[in-house]
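Here the structure is laid out as structure tokens; the discussion comes afterwards.
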Amino acid sequence: QVQLVESGGGLVQPGGSLRLSCAASGNIFSIYTMDWYRQAPGKQRELVASMARGGSTNYADSVSGRFTISRDNAKNTVYLQMNSLKPEDTAVYYCKFGVQVSSTEPLNNYWGQGTQVTVSS
């Protein structure tokens, strides 16, 4: 089984910064995609940023230029550096990894438990 543990959420003032982390543990053969999603109250979960195994990245228009996704393959960890935060960034942030647990198993998606980010003065 694969477990994802997130950290780094909290309360920050508008214009501030936060750095989220998500570390995977368990039976991992290879991690392909590492994604960050968020879900605000009353809204659908949306993709914020993603990074492929080769390093290519993709960002939602609403965070492009403010958020940066990065990964440490040796630590099975993905980070989300969030700068110039706005009240509309308030949401629960989730990480999702595309993981293969062995060379003969298909790729499956695993989710973190979520971490609250609140941007408010």
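The values are calculated or read from the model by the stated rules, or taken from the named source; none is laboratory data. Here the structure is a predicted model, which means the values were calculated and not measured. When we count neighbours, we look across all protein chains shown, and the Cβ atoms used for this are built from the backbone with ideal geometry, even at glycine. Ligands, DNA and RNA are excluded from the accessible area calculation, which covers all protein heavy atoms including side chains. Shrake-Rupley method; radii C 1.70, N 1.55, O 1.52, S 1.80 Å.
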Do we have any residue at all in the stretch 54-63 that's closer than 22 Å to Gly114 by Cβ, in a strand (DSSP E or B), of a type in the set (Gly, Ala, Ser) and under 13 Å from the mean Cα position of the chain (by Cα)? no
Neighbours by Cβ (under 9 Å, 6+ apart or cross-chain): first from the stretch 85-104, over 18 Å from Ser64 (Cβ atoms); second of a type in the set (Gly, Ala, Ser) and surrounded by 21 or more Cβ atoms within 10 Å (Cβ to Cβ): Tyr94/Gly112; Cys95/Gly112; Lys96/Gly112; Phe97/Gly112
Among residues of the stretch 61-84 being in contact (Cβ under 8 Å) with a residue 24 or more places away in the chain and among the charged types (D, E, K, R), the residue farthest from Ser17 (Cα to Cα) is Lys75
Residues located in the stretch 23-38, provided they are open to solvent by less than 60 Å² (accessible area, probe 1.4 Å) and part of a loop (DSSP other than H, G, I, E, B): Ile28
Any chance the stretch 39-53 includes a residue that's hydroxyl-bearing (Ser, Thr, Tyr) and assigned to a loop (DSSP other than H, G, I, E, B)? no
